[in-house]
Amino acid sequence: MKQSAVIKGLGFHVPERILSNKDLEQLVETSDEWITSRSGIKTRHVVSEGESLTDLSHGAALKALDDAGLSPEAITHILVATFSPESYIPSAACALQDRLGLRGRVAYDISAACTGFLYALENARAILALHPESKILVCSGDVVTSRVNWEDRATCVLFGDGCGAAVVAAEDGGPHRAVIRDVSLASDGALGDLLTIRGGGSGRHYRLGEPIGEDFFVQMQGREVFKHAVRSMTEVCNGLLERHGLTTDDVDMLLPHQANLRIIEAVGKKLGIPGERVFINVDKYGNTSAASVPIALSEAVHGGSVQPGQRVLLTAFGGGFTWGACLLDF
Ligand SMILES: CC(C)(COP(=O)(O)OP(=O)(O)OC[C@H]1O[C@@H](n2cnc3c(N)ncnc32)[C@H](O)[C@@H]1OP(=O)(O)O)[C@@H](O)C(=O)NCCC(=O)NCCS
């Protein structure tokens with residue numbers, strides 16, 4: 001029997017250190033005016049020396065568990081969506097499992113760049129279909145600045161670090177934040193080179209003593225990515241709504257990936273959802289990759305922007321390319 005999955009708790013954690021557009025003016029030839037008008041970003045949180053994804057995911061996990069009213073011991077599975085684990089081995093999920101003291105739990109990473117949270121939610125739903133008694137900790141975050149080229153002004157001004165978390169379980173009549181009504185996911189690897197980090201992969205080895213090149217950092221064809229992001233998020237949202245016989249009039253809030261204000265506005269416009277029903281916090285955090293959607297969701301819920309009885313449409317787009325949408329009933 002198909003079991004409804006619910007989000008029982010939400011939380012997020014960002015590093016304390018904040019970089020403003022003015023700070024970036026000291027690093028590269030840019031201006032607050034350029035960054036604000038092209039991206040809507042004003043500040044971003046960035047890790048300090050020695051701070052890793054495990055620190056961010058641990059902070060986010062504790063907040064989500066507290067919000068769910070559960071102790072860490074209740075968790076059966078740990079999923080971490082990221083492209084920037086503390087180490088390649090062990091995985092980000094194993095590092096978090098150890099930090100939480102949860103020896104023996106299932107723990108694995110998911111790689112879907114900025115769409116990671118939606119991919120992880122779908123994984124959680126699949127686990128619950130097999131094991132309805134599971135309590136799944138979904139963390140989704142990145143230390144994007146660990147792979148940012150601080151000499152490339154076209155990319156370094158856009159990103160920030162952070163992690164969001166959700167506790168997902170089967171609906172059991174107990175308290176929960178939202179029912180995960182459905183998720184729709186997609187990918188197109190043929191367009192992977194438009195937003196990529198090739199260096200350090202098994203196709204582009206690290207070699208001892210050799211200097212690393214620009215391709216060890218985020219490389220992006222901004223204009224092309226912009227077009228695909230708008231088109232793909234619009235399509236996947238319309239497809240998911242159609243699948244449920246809904247229209248955008250049935251959506252109380254659109255909560256898109258926070259990459260760029262102009263992308264967010266273009267998606268809202270194409271879907272016909274007015275600005276007052278579109279959640280935006282890109283100004284504070286920049287593009288935090290896998291963290292963007294769960295940070296925004298957590299802020300929207302805890303800040304009172306979403307009320308019980310409302311329907312929220314999440315959507316994301318990222319490197320791969322990957323993209324997706326999710327319908328949540330509060
Ligand atoms: C990156 C982005 C903001 C650039 O905006 P754009 O209008 O496309 O600008 P362009 O890349 O064409 O650059 C325009 C000019 O600004 C310059 N420029 C680039 N970065 C700059 C910066 N930080 N400060 C000042 N000037 C900058 C460029 O060098 C270029 O100058 P030129 O015309 O003399 O060559 C935009 O393409 C974008 O938002 N793309 C999507 C990025 C994204 O969100 N990706 C993640 C999706 S998951």
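The values are calculated or read from the model by the stated rules, or taken from the named source; none is laboratory data. Given the structure is predicted, the values throughout are model-derived calculations rather than measurements. Every residue, glycine as well, gets a Cβ built from its backbone with ideal geometry; the counts of neighbours run over all protein chains shown. Surface accessibility is based on the protein's heavy atoms, side chains included, excluding ligands, DNA and RNA. Shrake-Rupley method; radii C 1.70, N 1.55, O 1.52, S 1.80 Å.
Among the residues of the stretch 16-31, is there at least one that is more than 16 Å from the ligand (Cβ to nearest atom) and crowded, with 20+ Cβ neighbours inside 10 Å?
The answer is no, given that none of the residues of the stretch 16-31 is more than 16 Å from the ligand (Cβ to nearest atom) and crowded, with 20+ Cβ neighbours inside 10 Å.
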Practice item. Kindly indicate whether A113 is closer than 16 Å to L314 by Cβ and either among the polar types (S, T, N, Q) or in contact (Cβ under 8 Å) with a residue 24 or more places away in the chain (or both). Key: yes
Review point. Looking at L65, is it open to solvent by less than 50 Å² (accessible area, probe 1.4 Å), modelled with pLDDT of 95 or more and within 13 Å of S140 (Cβ to Cβ)?
Key: no
Exercise for review: Mind listing whichever residues of the stretch 133-157 are within 11 Å of the ligand (Cβ to nearest atom) and farther than 20 Å from S48 by Cβ?
Suggested key: D152, R153, A154, T155
Check your understanding: Only one residue in G162, G222 is in the same structural domain as A113 (by TED's automatic domain parsing), touching a helix residue (DSSP H, G or I) at 6+ places or on another chain (Cβ under 9 Å) and within 16 Å of the ligand (Cβ to nearest atom). Which one?
Key -> G162
Exercise for review: From (1) surrounded by 14 or more Cβ atoms within 10 Å (Cβ to Cβ); (2) closer than 15 Å to D142 by Cα, pick out the condition that doesn't hold for G50.
Suggested key: (1)
Check your understanding: Looking at R207, is it among the basic types (K, R), touching a residue at least 60 places away in the same chain (Cβ under 8 Å), more than 13 Å from the ligand (Cβ to nearest atom) and farther than 23 Å from L53 by Cα?
Key -> no
Revision key, fill the gap. Note: among R204, R231, just one is surrounded by fewer than 21 Cβ atoms within 10 Å (Cβ to Cβ), among the basic types (K, R) and assigned to a loop (DSSP other than H, G, I, E, B), namely R204
